[in-house]
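Data block below; observations after.
What follows draws every value from the coordinates through simple rules; no lab data is involved. Nothing here was measured: the structure is a model prediction, and the numbers come from that model. We place every Cβ from the backbone using ideal geometry, glycine too, and count neighbours over all the protein chains shown.
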Amino acid sequence: MRNFFILLKHELRMLLISPPTYIAAVLFLGLMGFLYWAILRGMVNTSEDTLPIVQFLRIFWIPVFFVVPLLTMRSIAGERSTGTLDTLMTTPTSRMAVILSKFSGAYIFYMLLWLATLGFPWITAKFFPSAALTGGLMEPAPIIGGFAFLAISGILFISIGIFASSITRSQLVAGMLSFTTLFVVIIGGQQLGNISHSGADLNGWIDGVVNYLQIFEHLDDFSRGIIDTRPFFYYTSTGGLLLGLSTLVIEAKA
C-alpha cells in the first residue's frame, strides 16, 4: 500500500507538469462553459421543462472523447517509449500497484475537472441574480445524482484509456484507440438501443443486454434520483476487468 501512494503521488506530479493535462483542462472548461451558456440562452428563448443542469450533464460524452485520451495516453505508453517503465518493473513494486496508481491519478484529475463545472451555476447566480430566482440552477437532487453518475462511469472511461495505453508504446496510437473505444461504448451502445426501441426483432436476452448497456439511460435515472445497482456493477466490473488486463499486458511485455 505504501508503494501505491508513492506511485500515486508521482503520477499526480507528472500530470501537473504534463502539457496535455493543461490542454485537456483548458479545452474542457472552455467548451463546457460555452455549452452551459448556450443551454441557458436557449432556455431563455424557449421554455424548457428540463433543468439546465440536467441538459448540461447530458452532453457529458463530448468532453469524455478528448479529455480521457489526453489524460491517459501517456500513462503507460509514454513511459514504455522512454524506457522508464522497464526501470519501474525492476523495483519490488507490484504491477497492479503501478496500474492502480496511474488509473487513480487520471481519475482524480478527471473528477476535479467535472467538480470545477459546479462553479458555472454559482457564477451565473452571482452575476445574473434573476436567473437564480427560479431555483433551478442549483437544484441538489439532479446535481448529486448526475455527479454520482459521472463518478461511477468515470471508472470505466478511465480504465479504457489505461488499457489502450498499456497495449502500445505510441501515445498517439493510445489516444486514438481510447477515443475509438469510448465512441463505440457510448455512441454505439446508444445506436443499438435506438434500433431496439424502434421495434427491431431481437432475442429477449439480446434486448436485455442492449438495454443494460444504455449509458444515457443510466444518466437519466441518476438525474431523477433513481439509484440502480446494475450500473454500479457494470461500470466497476468492466473497469476492474480492463485494469486487470492492463496488468497482464505490462507483465507480458516487461
Completion exercise
Expressed in nanometres to one decimal, the distance between label points 7 Å along Cα→Cβ at Asp220 and Leu88 is 4.1
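Expressed in nm to one decimal, what extension gain is obtained for the pair Ile17 and Tyr212 from 0.36 nm per residue of sequence separation less their Cα-Cα distance? Walk me through the numbers on the way to the answer.
Values: separation 195, 0.36 × 195 = 70.20 nm, distance 3.91 nm.
Gain on stretching Ile17 to Tyr212: 66.3 nm.
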Handout entry: Full-extension gain in nm, Ala125 to Arg95, via 0.36 nm per residue minus C-alpha separation
Key = 6.1 nm
Practice task
Any chance you could run the full-extension gain for Leu115 through Val173? It's 0.36 nm times the residue separation minus the Cα-Cα distance, nm to one decimal.
Solution key: 18.0 nm
Exercise for the section: Between Leu248 and Phe183, take the C-beta separation as r, use R0 = 25 Å, and let me know the FRET efficiency to the nearest 0.05. Expected result: 0.50
